[in-house]
1. So TRP135 fits all but one of (1) touching a Pro at 6+ places or on another chain (Cβ under 9 Å); (2) surrounded by fewer than 11 Cβ atoms within 10 Å (Cβ to Cβ); what number is the exception?
2. For ASP76, only one of the following conditions fails: (1) assigned to a strand (DSSP E or B); (2) buried (at least 19 other Cβ atoms within 10 Å of the Cβ). What is its number?
3. GLU131 fails exactly one of the following numbered conditions: (1) in contact (Cβ under 8 Å) with a residue 40 or more places away in the chain; (2) farther than 19 Å from PRO174 by Cβ. What is the number of that condition?
4. Evaluate the stretch 39-51: report whether one residue or more is in a strand (DSSP E or B) and either at pLDDT 95 or above or farther than 30 Å from GLN168 by Cβ (or both).
5. Answer yes if at least one residue in the stretch 152-170 is out of contact with any Phe, Trp or Tyr (no Cβ under 6 Å at 6 or more places or on another chain), part of a loop (DSSP other than H, G, I, E, B), among the aliphatic types (A, V, I, L, M) and surrounded by 16 or more Cβ atoms within 10 Å (Cβ to Cβ), and no otherwise.
6. Criterion first (in contact with a Lys or Arg (Cβ under 8 Å, 6 or more places away or on another chain), in contact (Cβ under 8 Å) with a residue 40 or more places away in the chain and more than 30 Å from GLY178 (Cβ to Cβ)) does ARG80 satisfy it?
7. Within the stretch 82-140, how many residues are in a strand (DSSP E or B) and either in contact with a Cys (Cβ under 8 Å, 6 or more places away or on another chain) or more than 19 Å from ASP67 (Cβ to Cβ) (or both)?
Amino acid sequence: MTDLRAVCGLPAGDSTLIGHWPLGIGASTREDQRMSDSRPPFLPFDEEAAWKKVLGAEAAWNTRDPDRVVAAYSVDSQWRNRDTFLNGREEIRDFLAVKWARERDYALRKDLWAFRGNRIAVRFHYESLDEHGQWWRSYGNENWEFDDAGLMRRREASINDVPINESQKRLFGPRADGDISGIPLL
């Protein structure tokens with residue numbers, strides 16, 4: 001299994017985040033009890049279905065609940081997040097728990113870029129506050145691939161971080177119900 005403390009830049013002996021890990025590193029998962037075997041909409045995607053996937057992912061990520069987020073991924077889902085490679089729901093769940101313990105006041109917006117067949121491309125940005133009081137805006141692109149059950153089996157994300165001042169924040173919590181506006185280009 002991936003050493004998520006090292007991936008997230010935490011010292012090897014750091015135990016301050018253990019309480020934030022819902023299952024802990026190496027703990028058995030509750031996938032069979034909590035995870036669905038399918039997640040509509042199903043293939044092939046039209047524009048409406050692609051938007052449902054994008055907005056559903058955004059809503060889940062804004063909860064910062066790793067268990068809710070991983071429910072959209074296949075059991076054997078493969079991820080590349082920046083320079084980190086993850087395999088399966090358990091590694092993804094642990095990675096997200098550490099990520100959101102580190103990125104406070106997290107708010108995300110996603111925008112559909114393109115779709116075809118079982119693939120969707122998304123652009124996004126999110127803002128967060130680190131433990132030193134520095135605000136960040138992170139810009140990225142994701143490529144998603146889905147299985148026939150509508151679960152994401154592959155996610156590749158390229159992300160760049162820019163330090164910002166609090167006065168430069170654009171995102172203040174999750175998207176309001178019914179808001180389908182895009183995200184700013186810059």
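1. With respect to (1) touching a Pro at 6+ places or on another chain (Cβ under 9 Å); (2) surrounded by fewer than 11 Cβ atoms within 10 Å (Cβ to Cβ), TRP135 is out only on (2).
2. With (1) assigned to a strand (DSSP E or B); (2) buried (at least 19 other Cβ atoms within 10 Å of the Cβ) applied to ASP76, the lone miss is (2).
3. Failed condition: (1).
4. If we filter the stretch 39-51 for residues that are in a strand (DSSP E or B), which is where we start, we get none.
Within the stretch 39-51, none of the residues are in a strand (DSSP E or B) and either at pLDDT 95 or above or farther than 30 Å from GLN168 by Cβ (or both).
5. No, the stretch 152-170 contains no residue that is out of contact with any Phe, Trp or Tyr (no Cβ under 6 Å at 6 or more places or on another chain), part of a loop (DSSP other than H, G, I, E, B), among the aliphatic types (A, V, I, L, M) and surrounded by 16 or more Cβ atoms within 10 Å (Cβ to Cβ).
6. On the way: in contact with a Lys or Arg (Cβ under 8 Å, 6 or more places away or on another chain): yes; in contact (Cβ under 8 Å) with a residue 40 or more places away in the chain: yes; more than 30 Å from GLY178 (Cβ to Cβ): yes.
Here the answer is yes, as ARG80 does meet what is asked.
7. Of the residues in the stretch 82-140, the ones in a strand (DSSP E or B) are 84-87, 104-116, 119-129, 135-140.
Restricting the remaining residues to those that are either in contact with a Cys (Cβ under 8 Å, 6 or more places away or on another chain) or more than 19 Å from ASP67 (Cβ to Cβ) (or both) gives 84-85, 104-105, 107, 109-116, 119-129, 135-140.
Number of matching residues: 30.
The rows are residues; the columns are (1) over 22 Å from TRP135 (Cβ atoms); (2) touching a Pro at 6+ places or on another chain (Cβ under 6 Å).
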residue	(1), (2)
VAL54	yes, no
ALA60	yes, no
ARG64	no, no
SER77	yes, no
LEU96	no, yes
ARG102	no, no
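The values are calculated or read from the model by the stated rules, or taken from the named source; none is laboratory data. What you are looking at is a predicted structure, and each value in this text was computed from that prediction instead of being measured. Cβ coordinates were reconstructed from backbone atoms using ideal geometry, including for glycine residues, and neighbour counts include every protein chain displayed.
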